[in-house]
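*Asks:* Attaching a single structure in structure tokens format; questions to follow.
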Amino acid sequence: MSGNGIRIEGLRKRYGSGDTAVDALKGVDMQVAPGEVVGLIGPSGSGKSTLLKCLGAVIDPSAGRMTLGDELIYDEGWRVRDLRALRRDRIGFVFQAPYLIPFLDVTDNVALLPMLAGVPNEEARSRALELLSALDVQHRARAMPTELSGGEQQRVAIARGLVNRPPVILADEPTAPLDSERAMAVIRILNEMAQRYDTAIIVVTHDEKIIPTFKRIYHIRDGVTHEEAGAGRGVE
Amino acid sequence: MISLAGRDILHSWGKFVFTGFGLGLLIGVTLVMAGVYRGMVDDAKALLDNSGADLWVVQQDTLGPYAEPSSLNDDLYRTILALPGVAEAANVTYLTMQVRLDERDVRSMIVGIVPGPTRGAPGWPPYLVAGRQITRGHYEAVADVATGFQLGDRIGIRRNQYTVVGLTRRMVSSGGDPMVFIPLKDAQEAQFLKDNDAIWQSRRRTATNPAFDRAGVPGLLDAVLDSQSSNNFVNAVLVRLDAGAEPDAIGAAIRRWQRLTVYTRPQMEQILVGKLIATSAKQIGMFLVILAVVSAAIVAFIIYTLTMDKIREIAVLKLIGTRNRTIAAMILQQAIALGVIGFAVGKITATYAAPLFPKYVLLMPQDSVAGFLAVLAICALASLIAIRMALRVDPAAAIGG
Ligand SMILES: Nc1ncnc2c1ncn2[C@@H]1O[C@H](COP(=O)(O)OP(=O)(O)O)[C@@H](O)[C@H]1O
Ligand SMILES: [Mg+2]
């Protein structure tokens, strides 16, 4: 169990300073439990990407607290020394486009993360194959990314996000390039994976088709979040 | 961990092979340039080695006989021969000119040597690949095989015809021209020979000079005319010393007593390598610098564009926790790989192309090693721009704006 999943309290982010300062996040509160998939929706410029970047430890918040599992990782400053290792081992990323490494085959695209963490190649590959099977793309394990369909690529990208078993996955518009059938498939997979691996998943999206699938949704507007219950229909 | 650089190279091998090939041709040219310089030095050393001399006696205050004109009386060698420690002393003349065979002209260095009993004296070709040494006092020649002449060929040097009686190898001037050996008397004539018209004019002038045409001194005019039309000068006396003799001491003695300039083997090498081919060496050096800069620019450009193409992937790699060191190593290894491909192609090209060059191209293993290290250094340097750019990529860029 990953304890609390992820919890954010009073998170603020100010870009720049003085007259040109932009307050992108003005006190965000959010909590996602292990095994839960929540939607994060909001108009353009509302601060979605900024929130993901703070959660993903690629930019520094300006104030607030973030807890990952049982560990307070940010409290008016980072409480973790190695943010790179934090990203590698404890946060999974799924992007708008798959962004697979073009010169690595499917297995090694997924196995690269454990390898970067020092896991021996063979073990990293067997972990990768396990996830590829879970995502039903094991038959493309030796293919190069360019040989895959868009949906297959996105599933490989999800496998990569999951391979180190992070307690949280940040998905940035993961269905944007996909048609509605494939988009639904991706959401179904994310839900399954959240259940199977007890992962807290935050899905940033614009996509009207998938919004009704969330049980819980955070609306973000002008840097402030409002929680609401979603239609929670799930995916059949 | 897998080799990211290796995988990328395998994936886009076409780019690497084509660029490596282009780079390789440049490196090949560079190696050949270095070989041209080495060839010049080697020609100079071969010239000195094959002359068989320990001391070169030349006109006072000249850098003769190869780097500057020098002229000595042809009876001086006797005095030198009398010095203790001197085993042999031989007159030689050197003259670079065109030698004719039928319609063909070959630029050659004509070496005048004293035929006959002095056979094997310094200045003589040390070994022949065919035929025999010069035995007659006139109109015989021994030619370097590089002239393309054959035994029995009749070659023209100025107004005279010579028969090629022997062939030798690796006998070249410091400029790389093949040598043609002929008897000293013929060479002296060739060196100072005036055309018929000039001789006639000179005779007329002398004959009308009352100082030479004195009523009371019969035969004076004839003697003067005779001395004017013959040539008693040589360019150098080559000296071979007794075993164990001290070249510097004997050189100093000749200098002191004979008002001549004497060079030892190391001094002669210094003149040839340090002075005669110094300008060519600088010229080649300039080319090497230019080629190095061009190669660096090519590698830098290719590695930069290859990295540029991967900017998104690099952002993703950084976001998912790849070390900067790993990314820098990937780019550096690719640059090094390009260099290695380039060097291999260059080395092969140079090896096959070297014999096709008209002058001697000497590819020395240590030059290849130095070249290889230089290529690696250049590639590493050239990758710095791309590495700098890659390290600046913001991992946040992977998350949509
Ligand atoms: N690097 C930045 N520097 C300054 N302002 C920024 C930067 N990134 C985003 N912003 C601003 O922060 C606000 C939120 O942006 P963003 O998080 O990208 O919103 P969204 O992803 O919801 O469209 C916007 O007003 C945007 O202009
Ligand atoms: Mg955005």
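*Asks:* Does A:PHE95 meet the test of being within 16 Å of ligand 2 (Cβ to nearest atom) and at the interface with chain B (Cβ under 10 Å from one of its Cβ atoms)?
*Replies:* yes
*Asks:* Restricting attention to the stretch B:328-345, and to residues there that are open to solvent by 10 Å² or more (accessible area, probe 1.4 Å), away from every other protein chain (no Cβ under 14 Å) and among the small types (Gly, Ala, Ser), which single residue is farthest from the chain's Cα centre (by Cα)?
*Replies:* B:ALA328
*Asks:* May I pose another question? May I ask you to list the residues in the stretch A:126-149 that are open to solvent by less than 40 Å² (accessible area, probe 1.4 Å) and within 14 Å of chain B (Cβ to nearest Cβ)?
*Replies:* Once the filter is applied, which keeps residues that are open to solvent by less than 40 Å² (accessible area, probe 1.4 Å) and within 14 Å of chain B (Cβ to nearest Cβ), the stretch A:126-149 yields A:ALA128, A:ALA143, A:PRO145.
*Asks:* Also, quick follow-up: Within 13 Å of chain A (Cβ to nearest Cβ), under 23 Å from A:ALA111 (Cα atoms) and in a loop (DSSP other than H, G, I, E, B): is that true of B:GLY400 in this structure?
*Replies:* no
*Asks:* Exactly one condition in (1) part of a strand (DSSP E or B); (2) within 16 Å of ligand 1 (Cβ to nearest atom); (3) more than 26 Å from B:LYS318 (Cα to Cα); (4) more than 19 Å from the chain's Cα centre (by Cα) is not met by A:GLY10; state its number.
*Replies:* Going through (1) part of a strand (DSSP E or B); (2) within 16 Å of ligand 1 (Cβ to nearest atom); (3) more than 26 Å from B:LYS318 (Cα to Cα); (4) more than 19 Å from the chain's Cα centre (by Cα) one by one, A:GLY10 breaks only (2).
*Asks:* Take the conditions outside any helix (DSSP H, G or I) and either farther than 30 Å from A:ASP108 by Cα or not acidic (Asp, Glu) (or both) and apply them to B:GLY251. Does it pass?
*Replies:* no
*Asks:* Based on what the data block shows, is A:PRO167 closer than 19 Å to A:VAL110 by Cα, open to solvent by less than 30 Å² (accessible area, probe 1.4 Å) and out of contact with any Pro (no Cβ under 8 Å at 6 or more places or on another chain)?
*Replies:* It is false that A:PRO167 is closer than 19 Å to A:VAL110 by Cα, open to solvent by less than 30 Å² (accessible area, probe 1.4 Å) and out of contact with any Pro (no Cβ under 8 Å at 6 or more places or on another chain).
*Asks:* Tally time: how many residues in the stretch A:49-60 are in contact with a strand residue (DSSP E or B) (Cβ under 8 Å, 6 or more places away or on another chain), within 13 Å of ligand 1 (Cβ to nearest atom) and in a loop (DSSP other than H, G, I, E, B)?
*Replies:* Looking only at that region, the number is 3.
*Asks:* Which residues, taken from the stretch A:198-218, are over 15 Å from A:GLN31 (Cβ atoms) and more than 14 Å from the chain's Cα centre (by Cα)?
*Replies:* Within the stretch A:198-218, A:HIS206, A:ASP207, A:GLU208, A:LYS209, A:ILE210, A:ILE211, A:PRO212, A:THR213 meet the criteria.
*Asks:* Is there a residue in the stretch B:37-53 that is in contact with a Lys or Arg (Cβ under 6 Å, 6 or more places away or on another chain), under 27 Å from B:ALA245 (Cβ atoms), modelled with pLDDT under 90 and surrounded by 23 or more Cβ atoms within 10 Å (Cβ to Cβ)?
*Replies:* No, the stretch B:37-53 has no match at all.
*Asks:* Oh, and also: Being surrounded by fewer than 21 Cβ atoms within 10 Å (Cβ to Cβ) and among the aliphatic types (A, V, I, L, M) is the requirement here; does B:LEU31 meet it?
*Replies:* Judged against the criteria, B:LEU31 is not a match.
*Asks:* If I go through the stretch A:98-118 residue by residue, how many of them are in contact (Cβ under 8 Å) with a residue 12 or more places away in the chain and either open to solvent by 40 Å² or more (accessible area, probe 1.4 Å) or of a type in the set (D, E, K, R) (or both)?
*Replies:* 4
*Asks:* Run down B:SER3, B:SER12 and say which single residue is touching a residue at least 40 places away in the same chain (Cβ under 8 Å), open to solvent by 20 Å² or more (accessible area, probe 1.4 Å), within 14 Å of another protein chain (Cβ to nearest Cβ) and in contact with a Leu (Cβ under 8 Å, 6 or more places away or on another chain).
*Replies:* Checking each option against the conditions leaves just B:SER12.
*Asks:* In the stretch A:41-79, what count of residues is obtained for those that are more than 16 Å from ligand 2 (Cβ to nearest atom) and within 14 Å of chain B (Cβ to nearest Cβ)?
*Replies:* Here the count works out to 3.
*Asks:* Among the residues of the stretch B:65-102, which ones are part of a loop (DSSP other than H, G, I, E, B), open to solvent by 60 Å² or more (accessible area, probe 1.4 Å) and aliphatic (A, V, I, L, M)?
*Replies:* Across the stretch B:65-102, the qualifying residue is only B:ALA82.
*Asks:* Which ranges mark the strands (runs of 3 or more DSSP E) fully within the stretch A:181-236 that have 2 or more residues being more than 16 Å from ligand 2 (Cβ to nearest atom) and buried (at least 21 other Cβ atoms within 10 Å of the Cβ)?
*Replies:* A:200-204
*Asks:* Of the residues A:ALA176, A:ALA171, A:ALA143, A:ALA159, which is within 16 Å of ligand 1 (Cβ to nearest atom) and modelled with pLDDT of 90 or more?
*Replies:* Of A:ALA176, A:ALA171, A:ALA143, A:ALA159, the one residue that is within 16 Å of ligand 1 (Cβ to nearest atom) and modelled with pLDDT of 90 or more is A:ALA171.
*Asks:* I'd like to verify a number: residues in the stretch A:61-97 that are assigned to a loop (DSSP other than H, G, I, E, B) and either open to solvent by 20 Å² or more (accessible area, probe 1.4 Å) or of a type outside the set (Gly, Ala, Ser) (or both), how many?
*Replies:* 11
*Asks:* Does at least one position in the stretch B:312-327 carry a residue that is within 16 Å of ligand 1 (Cβ to nearest atom), within 14 Å of chain A (Cβ to nearest Cβ) and either open to solvent by less than 50 Å² (accessible area, probe 1.4 Å) or of a type outside the set (Lys, Arg) (or both)?
*Replies:* yes
*Asks:* Restricting the stretch A:18-48 to residues that are near ligand 1 (Cβ under 6 Å from one of its atoms) and open to solvent by less than 20 Å² (accessible area, probe 1.4 Å), which is nearest to the chain's Cα centre (by Cα)?
*Replies:* By that ranking, first place goes to A:LYS48.
The values are calculated or read from the model by the stated rules, or taken from the named source; none is laboratory data. If you're wondering where the values come from, they're calculated on a predicted model, not measured in any experiment. Neighbour counts are summed over all protein chains in view; Cβ atoms, including those assigned to glycine, are modelled from backbone coordinates with ideal geometry. In case anyone asks, the SASA skips ligands and DNA or RNA and just uses the protein heavy atoms, side chains included. Shrake-Rupley method; radii C 1.70, N 1.55, O 1.52, S 1.80 Å.
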